1. Can you tell me how many residues within segment 19-52 are more than 9 Å from the ligand (Cβ to nearest atom) and surrounded by fewer than 16 Cβ atoms within 10 Å (Cβ to Cβ)?
2. Criterion first (within 12 Å of the ligand (Cβ to nearest atom), in contact (Cβ under 8 Å) with a residue 60 or more places away in the chain, aliphatic (A, V, I, L, M) and under 26 Å from Thr179 (Cβ atoms)) does Ala117 satisfy it?
3. Please state which one of Ile87, Ile57 is without any contact (Cβ under 8 Å) to a residue 40 or more places away in the chain and either in a loop (DSSP other than H, G, I, E, B) or buried (at least 22 other Cβ atoms within 10 Å of the Cβ) (or both).
4. Being over 15 Å from the mean Cα position of the chain (by Cα) and either more than 16 Å from Pro173 (Cα to Cα) or within 16 Å of the ligand (Cβ to nearest atom) (or both) is the filter here; which residues of segment 88-103 pass it?
5. Suppose we keep only residues that are within 15 Å of the ligand (Cβ to nearest atom) and not charged (D, E, K, R) within segment 64-77. Which one would you say is nearest to Pro176 (Cα to Cα)?
6. Going residue by residue through segment 154-174, is there one that turns out to be within 16 Å of the ligand (Cβ to nearest atom), among the acidic types (Asp, Glu) and either crowded, with 22+ Cβ neighbours inside 10 Å or assigned by TED's automatic domain parsing to the domain that holds Glu135 (or both)?
7. Condition test on Asp133, is it surrounded by fewer than 23 Cβ atoms within 10 Å (Cβ to Cβ), within 11 Å of the ligand (Cβ to nearest atom), within 15 Å of the chain's Cα centre (by Cα) and part of a loop (DSSP other than H, G, I, E, B)?
8. Could you check, for segment 203-210, whether at least one of its residues is basic (Lys, Arg), under 18 Å from the mean Cα position of the chain (by Cα) and closer than 22 Å to Leu94 by Cβ?
Amino acid sequence: MKPPPFGYTRPRSLDEALATLSTHGPDARPLAGGQSLIPLLNLRLARPSLLVDLAFIPGLADVQAENGTVVLGAMVRQRAVERDALIAQRVPLLAEATRLVGHPPIRNRGTVGGSLAHADPSAEYPAIALALDAELVVRSASGERVVPARDFFVDLFTTALAPGELLTAVRIPVPPPGTGWAIQEIARRHGDFALAGAAVLLRKTGDGTCEHAAIALFGVATRPLRVTAAEHALTGQPLTAESIREAAALAVEAIDEPLSDVHGSAAYRQRMAEVVARRALEEANRRAGT
Ligand SMILES: Cc1cc2nc3c(=O)[nH]c(=O)nc-3n(C[C@H](O)[C@H](O)[C@H](O)COP(=O)(O)OP(=O)(O)OC[C@H]3O[C@@H](n4cnc5c(N)ncnc54)[C@H](O)[C@@H]3O)c2cc1C
């Protein structure tokens, strides 16, 4: 199917893009890599009158290290994340998650900001942002605000972004040395969206006691979820096969609105959530230094 007619503009500055979005209101849509938006247009599930292409705005595709954080501009391509030495060294969880996003042609075009703003519940980046306690920098014609990842993902394909707002960057606190990390997912084929996935960060003391746990699930509910009950259950406890199994079982209880569709029933996804949570905890535990 072909998309309905739409206008197209190519702003050369962030201010110009924000002014255009403010003038046109919800009829205008930002265009990043187009890997989700263009299929939506082709299927006529979205009918914006104007696409505001973010690709020519200077400064939106930078990766920088700043005061213990890695800051990624919204237009950093997923392929650039995959190949970035700074990210590989400081936030390896993000580098590994990127290799699970679609296939190279999709990652060549798809962007960090596009994936976060699209908020597909089965996408890797929203869950990674949650697990890493990232902050999302949001700009509009009237100013800037910073939204913690835990407040950004509201519902199915719905974020805290208002019409006229742009996600401009994501700030990721660099996990302390010794932090173990893992991402595990179950998909029908490599590159498919996950039917269930888990991203985990773990830190432990010299005697193997858990001092920090972050567990985020994706592909199982209408939005990515932080599993705080399981995190609290692990913290202060020895990291053993049994405590990990118990935490993984608790992870399932966090799934308040389970996803169910032709790709996987709610019951299947809940069962797989426990499996991926356990596998990710085991792997992060192996990687965690003391
Ligand atoms: C075959 C296929 C397989 C895929 N598999 C996966 C997968 O396994 N995992 C995965 O995570 N993704 C997958 N994707 C999606 C891919 O990662 C997309 O790149 C991503 O979801 C959207 O990023 P984009 O830059 O292409 O954004 P676009 O498609 O351009 O935009 C997506 C939405 O976000 C809005 N938007 C974009 N940028 C901004 C911004 N800076 N501020 C505010 N709003 C903005 C747009 O208006 C639009 O509504 C797949 C896509 C395809 C086609």
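1. The total comes to 12.
2. Details: within 12 Å of the ligand (Cβ to nearest atom): yes; in contact (Cβ under 8 Å) with a residue 60 or more places away in the chain: yes; aliphatic (A, V, I, L, M): yes; under 26 Å from Thr179 (Cβ atoms): no.
Judged against the criteria, Ala117 is not a match.
3. From the options Ile87, Ile57, the qualifying one is Ile87.
4. His103 - this is the single residue of segment 88-103 that is over 15 Å from the mean Cα position of the chain (by Cα) and either more than 16 Å from Pro173 (Cα to Cα) or within 16 Å of the ligand (Cβ to nearest atom) (or both).
5. At the first step, the residues of segment 64-77 found to be within 15 Å of the ligand (Cβ to nearest atom) are 71-77.
After this cut, where a residue has to be not charged (D, E, K, R) as well, the list is 71-76.
Working: Val71: 16, Leu72: 19, Gly73: 22, Ala74: 24, Met75: 27, Val76: 24 Å.
If we take residues in segment 64-77 being within 15 Å of the ligand (Cβ to nearest atom) and not charged (D, E, K, R), then Val71 is nearest to Pro176 (Cα to Cα).
6. Yes, some residue in segment 154-174 is within 16 Å of the ligand (Cβ to nearest atom), among the acidic types (Asp, Glu) and either crowded, with 22+ Cβ neighbours inside 10 Å or assigned by TED's automatic domain parsing to the domain that holds Glu135 (or both).
7. no
8. Taking every residue of segment 203-210 in turn, none turns out to be basic (Lys, Arg), under 18 Å from the mean Cα position of the chain (by Cα) and closer than 22 Å to Leu94 by Cβ.
The values are calculated or read from the model by the stated rules, or taken from the named source; none is laboratory data. Computed from a predicted model, the values in this text were never measured in an experiment. Heads up, the Cβs are rebuilt from the backbone with ideal geometry, glycines too, and the neighbour counts pull from every protein chain shown.
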